[in-house]
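Written below as structure tokens is the structure these notes are about.
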Amino acid sequence: MAIVQVKNVIKRYRLGDQDVTALNDVSLSIEPGVFLAIAGPSGSGKSTLLNVIGCIDTPTSGSVFINGQDVSGQTPDALADLRARTIGFIFQTFNLLPVLSAEENVEYPLLQLPELSKADRQKRVKHYLAMVGLRKYATHRPNQLSGGQRQRVAIARALATHSKIVLADEPTANLDRKTGENILRLMKQINRESETTFVFSTHDRRVMNMADRLVRIEDGEIKALGVRKDDGWVFVQDRRDQGDEDPEV
């Protein structure tokens with residue numbers, strides 16, 4: 001079963017006295033455990049699609065299913081609980097709390113899970129900081145860490161809630177080439193070992209080259225889907241044109 005299903009989603013924004021269509025009848029199914037890149041030029045709708053999948057934004061019309069659960073029409077509290085337990089986020093600006101240490105930043109979303117004791121939270125924090133290679137930097141604050149180290153803290157924070165899906169919005173944009181490649185390799189390793197689903201919004205060729213699935217979006221519409229094979233990418237058009245209900249990657 002698909003871990004994400006987007007069905008006939010339209011998203012419009014009001015900009016001044018005009019309606020702007022950011023997503024136009026988008027349908028997509030995402031398999032569990034994929035390393036997927038949503039690629040397109042600036043203004044194509046890729047970040048909007050990521051936000052809709054992450055329940056940060058709600059569609060004007062259409063439906064979104066996360067892990068089999070229809071999130072359409074749910075209350076803000078219900079969506080917040082779903083995000084806390086199912087979805088992790090990684091942002092290009094890291095979004096760490098500057099007054100907290102690395103370990104406190106990783107622990108912060110765990111405070112929303114009342115079933116976890118303090119000992120449980122600390123165990124998770126140590127485990128995921130070790131996973132991203134930052135155990136000895138646990139007490140450092142963000143301003144004492146490099147950009148790559150801060151992004152590693154963000155990855156640990158996204159994983160600590162045992163998220164089934166990690167959404168990454170341009171995660172390499174503020175990193176130099178070498179650091180960005182190291183971060184991508186780390187996320188790919190985690191994807192393979194834990195089978196966590198990673199979905200990226202990006203125009204970075206390095207992310208696309210490492211992905212095993214690719215969604216090309218332009219003007220708010222999915223133009224092509226790519227699946228990586230041994231001899232390279234195989235691209236198909238939106239398969240709804242061929243009678244399938246939802247294009248699947």
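A short reminder: the numbers here are calculations on the coordinates, not readings from a lab. What you see is a predicted model, and the numbers here were worked out from it, not measured in a lab. Backbone-built Cβ (ideal geometry, glycine too); neighbour counts: all protein chains shown.
Some values worked out for this structure:
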read-out: Antiparallel bridge percentage (DSSP; both residues within the chain; nearest 5); value: 55 percent
read-out: Pair S194, R85: separation of 7 Å Cα→Cβ label points (nm); value: 1.8 nm
read-out: Residue order, fewest to most surrounding Cβ atoms within 10 angstrom, among F89, F65; value: F65, F89
read-out: Directionally averaged projected area (convex hull, Cα atoms, region 4-242), nm²; value: 14.2 nm²
read-out: Rounded to 10°, Cα long-axis angle of helix 118-131 versus longest principal axis of the chain; value: 70 degrees
read-out: Partner lysines for K46 [C-alpha distance under 18 Å; skip if fewer than 8 residues away on the same chain]; value: K7, K11, K223
read-out: Whole-number percent relative contact order across region 164-211, with pairs defined as alpha carbons under 8 Å at least 6 apart; value: 55 percent
read-out: Relative contact order, percent, region 4-242 [alpha-carbon distance under 8 Å, six or more residues apart]; value: 27 percent
read-out: Förster radius 35 Å - calculated FRET efficiency between A130 and R228, Cβ distance, rounded to 0.05; value: 0.70
read-out: Cα gyration tensor category, rounded, prolate or oblate, for region 126-196 with a/c compared to 1.5; value: oblate
read-out: Sites L15 and S72 - FRET efficiency at Förster radius 22 Å, r taken between beta-carbons, to 0.05; value: 0.35
read-out: Residue-span extension gain [H162 to K178] - 0.36 nm each, minus C-alpha spacing; value: 3.0 nm
read-out: Given the chain, longest segment not containing exposed loop GluC sites (Glu not before Pro) (DSSP; at most 12 other Cβ within 10 Å); value: 1-114
read-out: Order of L100, L159, L15, L145 under a 10 Å beta carbon neighbour criterion, fewest first; value: L15, L100, L145, L159
read-out: Stretch gain in nm, segment N143-Y108, where the contour uses 0.36 nm per residue and the Cα spacing is subtracted; value: 10.8 nm
read-out: Three-way shape call for region 1-124 based on the alpha-carbon gyration tensor, with the a/c threshold at 1.5; value: prolate
read-out: Rel. contact order, % - alpha carbon contacts under 8 angstrom, at least six apart, region 30-108; value: 15 percent
read-out: Stokes-Einstein D in µm²/s, Kirkwood radius over Cα pairs - region 36-95 at 10 °C with 1.306 mPa s viscosity; value: 125 µm²/s
read-out: Proximal lysines relative to K229, as straight alpha-carbon distance under 20 Å, when same-chain residues fewer than 8 apart are discounted; value: K188
